[in-house]
Amino acid sequence: MNRLSHPLRLFALAGALAATASSCTSDNRGVDEKLTQIVQRLDRIERNLASGGGGGARGAAQQRPPEADRSKTYSVPVDGNPYSGPADAKVTIVKGYEYACFYCDKVRATLEEIVKKYGADVRIVSKQFVVHPQAATAPALAACAAHKQGRFEQMDKLIWEKVYAAKKFDQDRCWEAAEGCPVVVGLAQELQLNVDKFRADMKGECGEYVQRDQLMLRKLGMSATPGFFINGRWLSGAQQLGTFVALIDQELKKANEKISAGTPQASYYQTWIVEKGQKTLDKQ
């Protein structure tokens, strides 16, 4: 049977493609190939649906993984994660992303606009969420290893500019080899890091670090990149600036009220988000 001829498969594929409109999902094909073929595939789906098949949409929707409820506040610890902005910012944006995702790159400009708009009221925390492991694992581990030497921001910039933009991804589980991954090791040398420590951290603690963040985000309903928790409030995909602003303004208002009532600004996120937020996705 043709793979696209079964109605349930059609709707499942349609749902998956719709999700990629602002986010990257786990698909081990090249990101560029996926983006260039998406319109053609949707056209084929529409033609097949027009010719008859419609049942199965409900079943496909039920098979999608549950997602966080944007109206709720989730506990998202950030200890040990790299961040930009003040540690005591009133609004913390936790960014789940990977280095092989078109939409993760696209939303970087939006985040820069947010920083310009809100200044010291916002900090952005980075957590890796690898959905294309062959391409994105080595950069994720490299970012972690650079963070351990205090150079996360510089490594992050180089990865986007010299790995992602040039499509020079390290392959074949190179992070497990003694010599490390040539592309990202070259970036470490460019930043004048301790390369021996960089390689050791990539092969050692950083694997556990990346896995821990990924499992935590997945527990809270994240299944694609990019995804954001804005003071614990979920926002999925590379949304427009206005969508971010609406949620940030709500959280900034709440933070100002709590701080005015006596909560120290430096402990606001820990007290009201990490300690009082939902720890799991399914809590009613």
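Here are some notes:
- Any chance residue 188 is closer than 16 Å to residue 144 by Cα and either among the small types (Gly, Ala, Ser) or modelled with pLDDT under 95 (or both): yes
- Residue match in region 147-156 (condition: modelled with pLDDT of 95 or more, hydrophobic (A, V, I, L, M, F, W, C) and more than 18 Å from residue 215 (Cα to Cα)): yes
- Any pair with Cβ under 9 angstrom, 6 or more apart, that starts in region 107-135 at a residue that is within 17 Å of residue 245 (Cβ to Cβ) and ends at one that is open to solvent by 50 Å² or more (accessible area, probe 1.4 Å) and of a type in the set (Phe, Trp, Tyr): 123/83; 124/83
For (1) small (Gly, Ala, Ser); (2) open to solvent by 40 Å² or more (accessible area, probe 1.4 Å); (3) outside any loop (DSSP other than H, G, I, E, B), each residue gets a yes or a no:
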residue: 145; (1), (2), (3): yes, no, yes
residue: 153; (1), (2), (3): no, yes, yes
residue: 157; (1), (2), (3): no, yes, yes
residue: 160; (1), (2), (3): no, no, yes
residue: 167; (1), (2), (3): no, yes, no
residue: 179; (1), (2), (3): no, yes, no
residue: 187; (1), (2), (3): no, no, yes
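- Single residue of region 242-252 satisfying the filter (surrounded by 11 or more Cβ atoms within 10 Å (Cβ to Cβ) and not acidic (Asp, Glu)) that is nearest to residue 121 (Cα to Cα): 252
- Unmet criterion (only one of (1) open to solvent by less than 30 Å² (accessible area, probe 1.4 Å); (2) touching a Ser or Thr at 6+ places or on another chain (Cβ under 9 Å)) for residue 275: (1)
Conditions tested, residue by residue: (1) touching a Phe, Trp or Tyr at 6+ places or on another chain (Cβ under 6 Å); (2) over 24 Å from residue 251 (Cα atoms); (3) assigned to a strand (DSSP E or B); (4) modelled with pLDDT under 95.
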{"position": "53", "(1), (2), (3), (4)": "no, yes, no, yes"}
{"position": "59", "(1), (2), (3), (4)": "no, yes, no, yes"}
{"position": "62", "(1), (2), (3), (4)": "no, yes, no, yes"}
{"position": "67", "(1), (2), (3), (4)": "no, no, no, yes"}
{"position": "70", "(1), (2), (3), (4)": "yes, no, no, yes"}
{"position": "79", "(1), (2), (3), (4)": "no, no, no, no"}
{"position": "92", "(1), (2), (3), (4)": "yes, no, yes, no"}
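- Subset of region 78-90 that is closer than 17 Å to residue 268 by Cβ and within 18 Å of the chain's Cα centre (by Cα) - its residue that is least open to solvent (accessible area, probe 1.4 Å): 78
- Failed item in (1) touching a strand residue (DSSP E or B) at 6+ places or on another chain (Cβ under 8 Å); (2) open to solvent by 60 Å² or more (accessible area, probe 1.4 Å), with residue 228 passing the rest: (2)
- Residue check for residue 128: polar (S, T, N, Q), surrounded by 13 or more Cβ atoms within 10 Å (Cβ to Cβ) and at pLDDT below 95: no
- Counted residues, region 189-238 - those being assigned to a loop (DSSP other than H, G, I, E, B) and either in contact with a Lys or Arg (Cβ under 9 Å, 6 or more places away or on another chain) or of a type outside the set (Gly, Ala, Ser) (or both): 11
- Residue 120 open to solvent by less than 20 Å² (accessible area, probe 1.4 Å) and not β-branched (Val, Ile, Thr): no
- Being within 26 Å of residue 102 (Cα to Cα) and not β-branched (Val, Ile, Thr) is true of residue 188.
- Subset of region 251-264 that is part of a helix (DSSP H, G or I) and free of Cβ contacts under 8 Å to residues at least 12 places away in the same chain - its residue that is nearest to residue 117 (Cα to Cα): 253
- Among the residues of region 212-228, those that are of a type outside the set (Asp, Glu) and over 10 Å from the mean Cα position of the chain (by Cα) comprise 212, 215, 216, 218, 219, 220, 221.
The values are calculated or read from the model by the stated rules, or taken from the named source; none is laboratory data. None of the values given here were measured: they were computed from a predicted structure. Backbone-built Cβ (ideal geometry, glycine too); neighbour counts: all protein chains shown. Quick note on the areas: whole protein, heavy atoms, side chains included, nothing else; ligands and nucleic acids left out. Shrake-Rupley method; radii C 1.70, N 1.55, O 1.52, S 1.80 Å.
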